[in-house]
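Asks: After the structure tokens below, expect a handful of questions from me.
The values are calculated or read from the model by the stated rules, or taken from the named source; none is laboratory data. Source: prediction; values computed, not measured. Cβ: placed from backbone, ideal geometry, glycine included. Neighbour counts: every protein chain shown.
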Amino acid sequence: MGKSVIEQWASPMAVLALFSLGQPQVSRAQTEAQRPAPSEGKAATDATGTAMCSVRVIHATATGTEFDARLEPLRPQLKGQAFQSFTNFALLKQHELSIAGGASQRFDVPGEHQGVLAYEGRADAGGKHRLRLRLEIQDGKAKLLSTKFVINDGGTMMQAGLKYDKGVLVLGITCRSAGQ
Amino acid sequence: MAVADDKLQSLFDNELPSDEAEVLRRDLSDEDLLKLAALAELSETVRGTVSAEAATHELDLWSSLADKLPQQPSAQVIPLRRKIVRRTTAIVSALALAASLLFALRPGSPGDSNCEIEELEVVGTGATVMKVADDRGNDTTLIWFDHQEEDEWESL
């Protein structure tokens, strides 16, 4: 006896229905014109395609016990030992950046700082899609932090420690490749 | 006037519209009535002969057809309650699978980042690179740098 229509279609339809829920409502960051990567001066030769990056700007404080629901994807990390001194987490801003290979984009960091995220191209290894990026945090013309890192496609890197309003700022950077 | 034989045959077979048949019946002559009687007698004779012939040769179509049909196992009869339980189980399982996939692949959810820090420069006293685990055992790299007071900053 064949399966009923419900049995045949329940699984894929349920998956589609549930996946259509919960898309984050975020404001699109001010994305200024593409500019050359900050430290490299010009694009890397293998930099092709585009990186789509979400930069969550989080304020962690020791006052209060609220946890911003929009930070659920990062709850395990933020509630872990590294942030045990903090009990209150608020999402101040979520920047959505589309960065062409070899270019960078700026985003505002509270406290009159600037963030610069550059996409230096794909760095595939071990059969996995990986992205090479550079993050800078600037205070005016001064660079407070500069790091180059490679993450899996869709992976997340976090940065924290910048003091702000009786707490610290945490950046959660999640990037995936697009258009390659 | 005698009615044409084909009309008579149609009248006998009840193939004429009712109003036309009614008009025709009123105009039947004696000859026509005799012809109708003859048709009725002929029809009865033929019917009786065919019935008698069929009775002597019993026709069994099913036995010959059944031998030619493909053999199929008899259908399994499932009690209605068990069928409902199975269907419910299938739906619940599908929803559970969808929920687990939603949890694992929720938008913005960090997966296995396998982050590798290739360069790191900070101002101040230094920075710490650490791995923080999520609830699925994946590590997320965290760079924590000690933020200096403003008068201690210097450009890299």
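Asks: Hey, can you tell me all the residues within region A:101-134 that are of a type in the set (Asp, Glu) and in contact with a Ser or Thr (Cβ under 7 Å, 6 or more places away or on another chain)? If you could, list the steps in order and put the result at the bottom.
Replies: From region A:101-134, those of a type in the set (Asp, Glu) are A:108, A:112, A:120, A:124; that's our starting set.
Result: no residue meets the conditions.
Asks: In region A:148-173, which residues are polar (S, T, N, Q) and at pLDDT below 95?
Replies: Of all residues in region A:148-173, those polar (S, T, N, Q) come to A:152, A:156, A:159.
Residues satisfying the conditions are A:152, A:156.
Asks: Considering each residue of region B:40-72, count those that are outside any loop (DSSP other than H, G, I, E, B) and more than 22 Å from residue B:14 (Cα to Cα), and give that number.
Replies: Step one: list which residues in region B:40-72 are outside any loop (DSSP other than H, G, I, E, B), which gives B:40-56, B:61-68.
Right, trim to more than 22 Å from residue B:14 (Cα to Cα) and you get B:49, B:51-56, B:61-68.
Residues in region B:40-72 being outside any loop (DSSP other than H, G, I, E, B) and more than 22 Å from residue B:14 (Cα to Cα): 15 in total.
Asks: Look through region A:80-93, keep the residues that are more than 9 Å from every other protein chain (Cβ to nearest Cβ) and not aliphatic (A, V, I, L, M), and return whichever of them is surrounded by the fewest Cβ atoms within 10 Å (Cβ to Cβ). Steps first, answer last, please.
Replies: Keep residues of region A:80-93 that are more than 9 Å from every other protein chain (Cβ to nearest Cβ), which gives A:84-93.
Cutting the leftovers down to not aliphatic (A, V, I, L, M) gives us A:84-89, A:93.
Details: A:84: 8, A:85: 11, A:86: 20, A:87: 15, A:88: 15, A:89: 23, A:93: 16.
Ranking the qualifying residues of region A:80-93, first place goes to A:84.
Asks: From (1) more than 10 Å from chain B (Cβ to nearest Cβ); (2) buried (at least 22 other Cβ atoms within 10 Å of the Cβ), pick out the condition that doesn't hold for residue A:172.
Replies: (1)
Asks: Would you confirm, using the coordinates I've provided, whether residue A:117 is away from every other protein chain (no Cβ under 14 Å) and within 18 Å of the chain's Cα centre (by Cα)?
Replies: The answer is no for residue A:117.
Asks: Could I ask something else about it? Filter region A:154-168 down to the residues that are more than 11 Å from the chain's Cα centre (by Cα) and within 9 Å of chain B (Cβ to nearest Cβ) and list them by number. Quick ask: steps written out before the conclusion?
Replies: As a first pass, look at region A:154-168 and keep what is more than 11 Å from the chain's Cα centre (by Cα): A:160-168.
Of everything in region A:154-168, those that are more than 11 Å from the chain's Cα centre (by Cα) and within 9 Å of chain B (Cβ to nearest Cβ) turn out to be A:160, A:161, A:162, A:163, A:164, A:168.
Asks: From A:154, A:121, which residue is in a loop (DSSP other than H, G, I, E, B) and either under 15 Å from residue A:53 (Cα atoms) or among the β-branched types (Val, Ile, Thr) (or both)?
Replies: On the way: A:121 fails: in a loop (DSSP other than H, G, I, E, B).
Being in a loop (DSSP other than H, G, I, E, B) and either under 15 Å from residue A:53 (Cα atoms) or among the β-branched types (Val, Ile, Thr) (or both) holds for just one of A:154, A:121, which is A:154.
Asks: Against the conditions (1) within 11 Å of chain B (Cβ to nearest Cβ); (2) at positive phi, where does residue A:64 fall short? Just the number, please.
Replies: (1)
Asks: Then there's this: Residue check: is residue B:98 modelled with pLDDT of 70 or more, at the interface with another protein chain (Cβ under 8 Å from one of its Cβ atoms) and in a helix (DSSP H, G or I)? Walk me through how you get there before you give the answer.
Replies: On the way: modelled with pLDDT of 70 or more: no; at the interface with another protein chain (Cβ under 8 Å from one of its Cβ atoms): yes; in a helix (DSSP H, G or I): yes.
Judged against the criteria, residue B:98 is not a match.
Asks: Mind listing whichever residues of region B:118-139 are within 7 Å of another protein chain (Cβ to nearest Cβ), part of a loop (DSSP other than H, G, I, E, B) and over 24 Å from residue A:80 (Cα atoms)?
Replies: B:123 - this is the single residue of region B:118-139 that is within 7 Å of another protein chain (Cβ to nearest Cβ), part of a loop (DSSP other than H, G, I, E, B) and over 24 Å from residue A:80 (Cα atoms).
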